[in-house]
Amino acid sequence: MRALGQSLNLATVRLGEEIGLIKIQQRYSELMNKPAKNKYHSFLLGSDALSPIEALELYNNFASGGFQTPPKAVIAAVDSSNQLIDQRPFNIKNSIEFDAVNAINRGLEGVMTHGTGRNSPYSKLGIAGKTGTSNDNRDSWFAGFDNTHCLLYTSDAADEEDSVDLGGRR
């Protein structure tokens, strides 16, 4: 769990190799309903092309306590007198076993209390999440959740002055 909280890449890769890249990518495909695009070991560090909404969909599996609910822009339409015109159902399925998702979420809470998110003003409020960077730390992101919200923040800084500090990393 310390490796997750501190973003220790070598420990992450070692664990991923122990479990197996193919097994991890198969599990990812189950959570995302699509195959991983990156077939290389860099996938173990999160290197796969995801849109922000896809990344949010992935983290929602954890935030919901192990359930998969594809995101929707509109769930219902009402008329001017607030009468329901149309409603779209939620497609919900169990995606992660209870004990496993609780262990993952404890690790993501540790990211915020003791890891890369510890300097956040929200670190002591029960937020669980993960920070990340890419491209020589010019791109940064944060996926996080509490008991009511799941969010994703991304930053694509054009130069060093524009970079965003996510818990001590630029």
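The values are calculated or read from the model by the stated rules, or taken from the named source; none is laboratory data. All values reported here derive from a predicted model rather than from experimental measurement. Methodologically, a virtual Cβ is constructed for each residue, glycine included, from the backbone with ideal geometry; neighbour enumeration extends over all protein chains shown. Note: areas computed on protein heavy atoms with side chains; ligands, DNA, RNA excluded. Shrake-Rupley method; radii C 1.70, N 1.55, O 1.52, S 1.80 Å.
On the given criteria, is Gly115 touching a helix residue (DSSP H, G or I) at 6+ places or on another chain (Cβ under 6 Å), under 22 Å from Asn33 (Cα atoms), open to solvent by less than 100 Å² (accessible area, probe 1.4 Å) and small (Gly, Ala, Ser)? The answer is no for Gly115. Is segment 122-135 home to any residue that is crowded, with 16+ Cβ neighbours inside 10 Å, in a strand (DSSP E or B) and at pLDDT 90 or above? Yes, segment 122-135 has at least one match.
Look at (1) β-branched (Val, Ile, Thr); (2) farther than 19 Å from Tyr28 by Cβ; (3) without any contact (Cβ under 8 Å) to a residue 60 or more places away in the chain and you find that Val111 fails only one, number (3). Inspect segment 136-151 for any residue being of a type in the set (Lys, Arg), outside any loop (DSSP other than H, G, I, E, B) and on the phi < 0 side of the Ramachandran plot and give the result as yes or no. Checked against the condition, which is being of a type in the set (Lys, Arg), outside any loop (DSSP other than H, G, I, E, B) and on the phi < 0 side of the Ramachandran plot, segment 136-151 yields no hits at all.
Collect the residues in segment 32-63 that are of a type in the set (A, V, I, L, M) and out of contact with any strand residue (DSSP E or B) (no Cβ under 7 Å at 6 or more places or on another chain), keeping them in residue-number order. First the steps, then the outcome.
Here is the first cut: in segment 32-63, the residues of a type in the set (A, V, I, L, M) are 32, 36, 44-45, 49-50, 53, 55-56, 58, 63.
Correct list: Met32, Ala36, Leu44, Leu45, Ala49, Leu50, Ile53, Leu58.
Can you work out which of the residues in segment 141-163 that are more than 18 Å from the chain's Cα centre (by Cα) and not polar (S, T, N, Q) is modelled with the highest pLDDT?
Keep residues of segment 141-163 that are more than 18 Å from the chain's Cα centre (by Cα), which gives 157-163.
Adding the requirement that they be not polar (S, T, N, Q) leaves 157-162.
Values: Ala157: 60, Ala158: 52, Asp159: 51, Glu160: 52, Glu161: 54, Asp162: 47.
Of everything passing the filter in segment 141-163, Ala157 is modelled with the highest pLDDT.
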